[in-house]
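Down below is the structure, laid out as structure tokens.
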């Protein structure tokens, strides 16, 4: 059986051990590889999340000098069965959100910040 992930996402972070703890403790990722403090690879279902600090080869500055930095608005989405309960659990754990729950025809979502300011969108699809 091939255990390669279906999709791999890289996030640049300020602190790999803090990000590793956040994703494993709060969002159910498991550690695939940990070469802290520069890099770690985490798995959740068919997704692999690569977290790199600025010393990692995957986060080196561009040839024109631009630095790769954490934050921004790009994100991946984690589906949850009960969004309100997840938000309450994460708030009690001290996690920070960028907004409140937004509801639409397709479901409801909220934007969660990791310790470096990268976004994870928690999403509960509407029942059909």
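Observations on the structure shown:
- Listed by first and then second residue, the pairs linking a residue in region 51-73 that is more than 17 Å from residue 39 (Cα to Cα) to a residue that is outside any loop (DSSP other than H, G, I, E, B) and modelled with pLDDT of 90 or more, with Cβ atoms under 7 Å apart and 6 or more places separating them unless they lie on different chains, are 73/119.
- Among residues of region 82-98 that are farther than 17 Å from residue 108 by Cα, those with a beta-carbon under 7 Å from a residue that is surrounded by 12 or more Cβ atoms within 10 Å (Cβ to Cβ) at least six positions away or on a different chain give the pairs 93/26; 95/26; 95/112; 96/113.
Listed here are the residues, each with its yes/no results for (1) exposed (fewer than 11 other Cβ atoms within 10 Å of the Cβ); (2) closer than 17 Å to residue 22 by Cβ.
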residue	(1), (2)
41	no, yes
47	no, yes
64	yes, no
92	yes, yes
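The values are calculated or read from the model by the stated rules, or taken from the named source; none is laboratory data. Since the model is a prediction, treat every value here as computed from it, not as a measurement. Please note: Cβ atoms are built from the backbone with ideal geometry, for glycine as well, and neighbour counts cover all protein chains shown.
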